[in-house]
1. Of the residues 123, 213, 26, which exhibits the maximal mean-square fluctuation in a Gaussian network model of the chain defined by a 10 Å Cα contact cut-off?
2. Once you list every other residue whose beta carbon is under 11 Å from the beta carbon of residue 225, what net charge do they have if Lys and Arg are +1 and Asp and Glu are -1?
3. Go through 55, 228 and list them by solvent-accessible area, largest first, probe radius 1.4 Å.
4. Treating only the Cβ of Lys, Arg, Asp and Glu as charged (+1, +1, -1, -1), what charge dipole size does the chain show about its Cα centre? Round to the nearest 20 debye.
5. For a quick check of understanding: with a 1.4 angstrom probe and all protein chains in place, what accessible area in square angstrom does residue 32 have, to the nearest ten?
6. Want the number for residue 148 to residue 196: 0.36 nm per residue separation, take away the alpha-carbon distance, what's left?
7. What would the Debye formula give as log10 I(q)/I(0) at q = 0.16 Å⁻¹ for the alpha-carbon point model of the chain, no solvent?
8. Where a Cα-Cα gap under 29 Å defines reach, which lysines qualify for residue 171, not counting those fewer than 8 residues away within the same chain?
Amino acid sequence: MAEPTTTQLYLVPTPIGNLEDITLRAIRVLGEVDTVLCEDTRTSGRLLQHLGLKKPLLSYHLHNEHQQVPRLLERLERGETMALVSDAGTPGISDPGFLLVRECLARGLKVECLPGPTAFVPALLKSGFGAERFVFEGFLPVKKGRQTRLRELADEPRTLIFYESPHRIVKTLEQLAEALGPDRPASVSRELTKLFEETVNGTLAELAADFGARPAIKGEIVVVVQGKREERRAD
């Protein structure tokens with residue numbers, strides 16, 4: 001099958017905080033497409049307004065993507081062009097996008113992904129741990145399978161990266177300390193690229209105590225945990 005020459009769907013990363021982080025190419029694509037698919041039309045609407053762009057916005061999120069995909073495919077096959085954005089960062093990374101991309105490719109529709117902001121990369125580099133080999137876990141299961149996944153990761157030698165919400169971060173740090181060991185080095189980054197950006201390094205036990213003592217925690221959070229180190233045997 002010949003490769004399609006015209007892009008129908010663009011995956012467009014948007015700033016995770018600082019609006020200066022959007023690329024010139026992203027601005028151009030958002031201005032050229034027929035429709036912008038977004039998690040929250042209010043959030044994306046404010047971004048487009050900031051960029052001086054006016055485009056039709058269509059809601060596409062976790063709770064409606066299965067219903068939306070067939071309708072979107074029909075429009076794309078008729079020649080309409082669309083940009084998929086998330087509220088922040090690169091769509092498809094712990095955000096909706098995979099299903100639409102898979103179905104577009106299955107139908108021979110051209111998909112293009114622009115490079116751009118994503119939260120786990122600066123958090124990984126700011127942690128000071130090895131970035132040559134790492135495992136991006138996204139969000140841990142909320143309930144079912146959570147403990148099983150933590151046990152599976154206990155012996156992982158690569159650097160581990162997790163996303164977490166403010167109201168679950170303390171519990172997650174405590175569970176990580178229990179499963180991986182309280183002395184395992186880790187790093188917590190929140191509010192990346194924003195005014196109150198913060199990265200805290202320490203052991204999992206220290207971080208759990210630090211965040212557990214805070215009266216309030218705000219912002220999206222990235223947890224980076226050093227991989228398990230091999231124990232050296234004495235000769």
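The values are calculated or read from the model by the stated rules, or taken from the named source; none is laboratory data. Bear in mind that the values here come from a model prediction, so they are computed numbers and not experimental data. Note that each Cβ is placed from the backbone with ideal geometry, even for glycine, and that neighbours are counted across all protein chains shown. All accessible areas refer to the heavy atoms of the entire protein, side chains included, with ligands and DNA or RNA removed. Shrake-Rupley method; radii C 1.70, N 1.55, O 1.52, S 1.80 Å.
1. Result for the chain, Cα springs under 10 Å: 213 fluctuates most.
2. Charge balance in the 11 Å sphere: +1.
3. Solvent-accessible surface, decreasing: 228, 55.
4. Using Cβ point charges on Lys, Arg, Asp and Glu, the chain gives about 320 debye.
5. About 110 Å², ignoring ligands and nucleic acids.
6. 13.8 nm
7. One equal scatterer on each Cα of the chain leads to -1.12.
8. 126, 143, 144, 194, 218, 228
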